[in-house]
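Enquirer: Mind looking over this structure? Questions follow.
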Amino acid sequence: MKKLISVVMTTVLGVTLLAGCSPKQEQPQQPVEQPPKKITVGILQPMDHTSLNQIRDTVIAEIEAMGLGDQIEIDYKNANGDPSTMVSIASQFIGNNVGLIVPIGTNAAQTVAAATKDIPIVFAAVSYPVDAGLVTDLKKTDGNITGVTNAIAIDEIFNLAKTLTPDASKFGFVYNTGEVNAVSSIDRAKEYCDAHGLEYVDAVITNTGELQQTAQSLAGKVHAIFTPNDNMVASAMPVLAGEGIKAKLPVYVGADSMVKDGGFASVGIDYTILGKQVAQMVERILIDGEKISDNPVEVVAEYAKLINKTTADAIGVPVPEELLKEFIILE
Amino acid sequence: MSLVAATGALELGFAYALLAFGIYISFRILNIPDLTVDGSFVLGAAVSAVLTGSGHPVPGIAVAALAGCAAGCVTAIQQTKFGIPPILAGILTMTGLYSINLLVMSGKANVPMLGKTNVFSLLEKAADIRYSKLVILFFVVLLVFLFYNYFFKTQLGLSIRATGDNEAMVRASSIDTDMAKIIGFGLSNATVAVSGALVAQMQQSADINMGAGMIVIGLASLIIGDAILKNKTVFRGLLSVIIGSVVYRFLIALILTTSLPPSFLKLISALVVAVAISLPNLRVKTGFSRLRIREGE
């Protein structure tokens, strides 16, 4: 009897597997009846995160706003933070013959790039595509991959720091060692500091719980804090902002959302602009039939310039008149 | 489900079956939960990525196995020689491995090897095979399966199994249980590292965060396999692990084909695994009800 039940259960499980297969195989036959055949764009998002969600929402909304809703169908999948699921999603996209894939973030882009050499890929928010091995040169996209990078404007952030806090000559770099974008940004910040005679100390975290102590360790040791577009720091930004205010340290950040969460100032990435650029690139390649090689990797067209006035008052840094016009001032 | 998605699920199933083998050894045979795997998986991936990057994909996998073995031994030595509780020992090694893994990857959180020669492209070049991933992964899994099926019937293998069953009895028979644990953990984590090494070459990149939740994936495979095939012997146990891992991947691939909101993926995976786990319980219950009927007769 037990054996029988086990056989039945196994069969049920097996049949459910097969049952899952069959409707999908039939499905492509049904839409054939509708005359205009839509091209599918697969969006692969590794996990839920404010910036990543913002990119996804903008790409979807922008494709709709460009009037491509009747030509493009969006197949959005989220790996919910599991890297192995990203591989499953990639092979599903390929199996369903999607017309184009939009991976968000470095890992997603690498996963998709490893999975297909034929389907065009337009990545969103890969800070350093050359380091990530996706393209050999930003201007030379000879494979099936291009996209929009979110490399932060290191020079502009440090210029801003020089304008706002001219006395700051020693920076504390707060970042997560496990985040490739953050580490690459920090490497570039270090190059900048070395070239401009600025000192720096590393203050690294490996999870958000460490942020408070790490930030406290910088008090009295540095004149200012810099944190790049680091997802982990971003998700606990109020903690870093609070410690910055306590120690009267200006916190320069790499993303607009981090200023909104109490960071001092940024010339950062506006992910809405990035998302729009991605959508336009998708249109050019998928609808207008442009070649990938004619679409080099783009940088974000416009940076978000923000200063948090509340934080400025709290740490006693005056904001010069001329910056008030150029920057968005958050109260 | 498309053919590509099915092949992909099968490939992932085999690749993660190695991970599940490792967890099978620590969790089922030695009867000790080992959290080292979240770290040793990445260690294997990191070693394999770095060596593949410098043009040595095959040695990359062998060195990954050695590195994983070392990590497992460290955990086992903490438990046996220093008296650190097993769970904590695993956590300590896993935590320390984060830094070691970064060190292996020369401080980079992500090592790409797109376009570099890996074991799969080597076979493709050598023998024009379309499903090179499937072929290699299948044979590696088969090889490891046959090895463990043999090994756990040898004197040493039996003493490891006995250590998991009844440590006091084994110790009384003057078998060194500490050594049995160290060898068991070493083998377990070597297998996990090979899994990481192959996954990294398959995805053509290694990432410091790719080990998150590996223990959960491995346990899910183990338990699904257990529900499908009762694993009283090592042969059936190892076989059920492969089946469990493949079925788990097919379930994920199936869930992905549905039009449910993507944010529900985790909840549905959890439910599916819960159903799979409850199957053996259902069996027991039906067994009981049969008994009662007999008593009533």
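Only the coordinates and a few stated rules stand behind these numbers; no lab work does. All of these numbers come straight from a predicted model, not from anything done at the bench. A quick note on method: Cβ atoms are made from the backbone with ideal geometry, for glycine too, and the neighbour counts reach across all protein chains shown.
Enquirer: Would you please name the trypsin sites (Lys or Arg not before Pro) within the stretch B:225-256 that are DSSP coil residues with at most 14 other C-beta atoms within 10 Å of their C-beta?
Expert: Details: sites: B:K230, B:K232, B:R236, B:R249; in loops: B:K230, B:K232.
Sparse-neighbourhood loop trypsin sites (Lys or Arg not before Pro): B:K232.
Enquirer: For A:Y200, which sequence-distant residues (separation of 5 or more, or a different chain) have an amide H within less than 5 Å of its own amide H, given hydrogens modelled in the peptide plane?
Expert: A:F171
Enquirer: Once phi is turned into θ = phi - 60°, what whole-Hz ³J(HN,Hα) does the Karplus curve with 6.51, -1.76 and 1.60 give for every residue of the stretch A:321-329, x standing for Gly and Pro?
Expert: Going residue by residue, I get 3, 5, 6, 4, 6, 6, 9, 7, 9 Hz, with x marking Gly and Pro.
Enquirer: Taking beta carbons within 10 Å but only from partner chains, what does the mean come to for residues B:255-262?
Expert: Partner-chain Cβ atoms within 10 Å, mean over residues of B:255-262: 5.
Enquirer: With the crude spin-label approximation of a point 7 Å out along Cα→Cβ, what separation in nm comes out for B:A172 versus A:D48?
Expert: Computed distance between label sites B:A172 and A:D48 equals 5.4 nm.
Enquirer: Restricting things to alpha carbons, find the Rg to Rh ratio for the stretch A:241-331 using the Kirkwood radius for Rh. Each step should come with its number before you reach the end.
Expert: Working: Rg = 17.7 Å, Rh = 14.9 Å.
Rg divided by Rh gives 1.18.
Enquirer: Give the residue from B:S121, A:N53, A:P228 lying farthest towards the positive end of the charge dipole for the protein assembly as shown; charges sit on Cβ (+1 for Lys and Arg, -1 for Asp and Glu) and the dipole is referred to the Cα centre.
Expert: About the Cα centre, the residue reaching furthest to the positive side is B:S121.
Enquirer: Given the stretch B:1-128 reduced to its alpha-carbon atoms as identical point scatterers, what log10 I(q)/I(0) does the Debye formula return at q = 0.13, 0.18 Å⁻¹?
Expert: -0.64, -1.05
Enquirer: Which of A:L274, A:L160, A:L198 moves most in a GNM of chain A, Cα contacts under 10 Å?
Expert: The residue with the greatest mean-square fluctuation here is A:L198.
Enquirer: OK, next. From other protein chains only, count the Cβ atoms within 10 Å of every residue's Cβ in A:43-50, then give the mean. Before the final figure, lay out the partial values.
Expert: Numbers: counts 1, 1, 1, 1, 0, 2, 0, 0.
Averaged over the peptide's residues, the number is 1.
Enquirer: Note down, for the protein assembly as shown, the three equivalent ellipsoid semi-axes (square root of 5 times each alpha carbon gyration tensor eigenvalue), biggest first, whole angstrom.
Expert: Working: eigenvalues 404, 203, 102 Å².
The equivalent ellipsoid of the protein assembly as shown has semi-axes of 45, 32, 23 Å.
Enquirer: Can you put B:D38, A:D75, B:D207 in order, fewest other beta carbons within 10 Å first? Please list the in-between numbers first.
Expert: Working: B:D38 24, A:D75 18, B:D207 28.
In order of increasing Cβ crowding within 10 Å: A:D75, B:D38, B:D207.
Enquirer: Counting other beta carbons within 10 Å of each Cβ, put B:S221, B:S54, B:S195 in order, fewest first.
Expert: Numbers: B:S221 29, B:S54 11, B:S195 34.
Arranged by neighbour count, lowest to highest, B:S221, B:S54, B:S195 become B:S54, B:S221, B:S195.
Enquirer: Add -39500 (n - 2.57) for each DSSP H run of 4 or more in the protein assembly as shown, then divide by its residues: what number comes out at 222 nm, to the nearest 500 deg cm²/dmol? Don't skip to the answer; put the middle values down first.
Expert: Numbers: 25 runs with 370 residues, N = 628.
Helices in the protein assembly as shown give a 222 nm mean residue ellipticity of -19000 deg cm²/dmol.
Enquirer: Provide a whole-number value for the mean count of partner chain Cβ atoms within 10 Å of the Cβ atoms in peptide B:244-252.
Expert: Values: counts 0, 0, 0, 4, 1, 4, 7, 4, 8.
That works out to 3 on average.
Enquirer: Report the residue, chosen from A:V278, A:V239, A:V267, that carries the largest GNM mean-square fluctuation when chain A is represented by alpha-carbon nodes joined by springs under 10 Å.
Expert: Comparing A:V278, A:V239, A:V267 in the GNM, the peak value goes to A:V239.
Enquirer: Let me ask something else. If you average the alpha carbon positions of the stretch A:48-86 and of the stretch B:131-180, how far apart do those two centres end up, in angstrom?
Expert: 46 Å
Enquirer: Right, another one. Can you give the Kirkwood hydrodynamic radius of the stretch A:167-222 from its Cα pairs, in Å with one decimal?
Expert: Values: mean 1/r = 0.0845 Å⁻¹.
For the stretch A:167-222, the Kirkwood estimate is 11.8 Å.
Enquirer: Then there is this: Indicate the helices, whole DSSP H runs only, in chain B that combine a mean Kyte-Doolittle hydropathy of -1.0 or more with a Cα extent along their long axis of 30 angstrom or more.
Expert: Values: long enough: B:57-81 (35 Å, 1.05); B:177-203 (39 Å, 0.84); B:234-257 (34 Å, 1.99); B:265-296 (46 Å, 0.72).
Span-like helices, by this rule, are B:57-81, B:177-203, B:234-257, B:265-296.
Enquirer: OK, next. B:K125 to B:M179: extension gain in nm, 0.36 nm per residue of separation minus the Cα-Cα distance?
Expert: Numbers: separation 54, 0.36 × 54 = 19.44 nm, distance 4.30 nm.
Net length gain for the segment: 15.1 nm.
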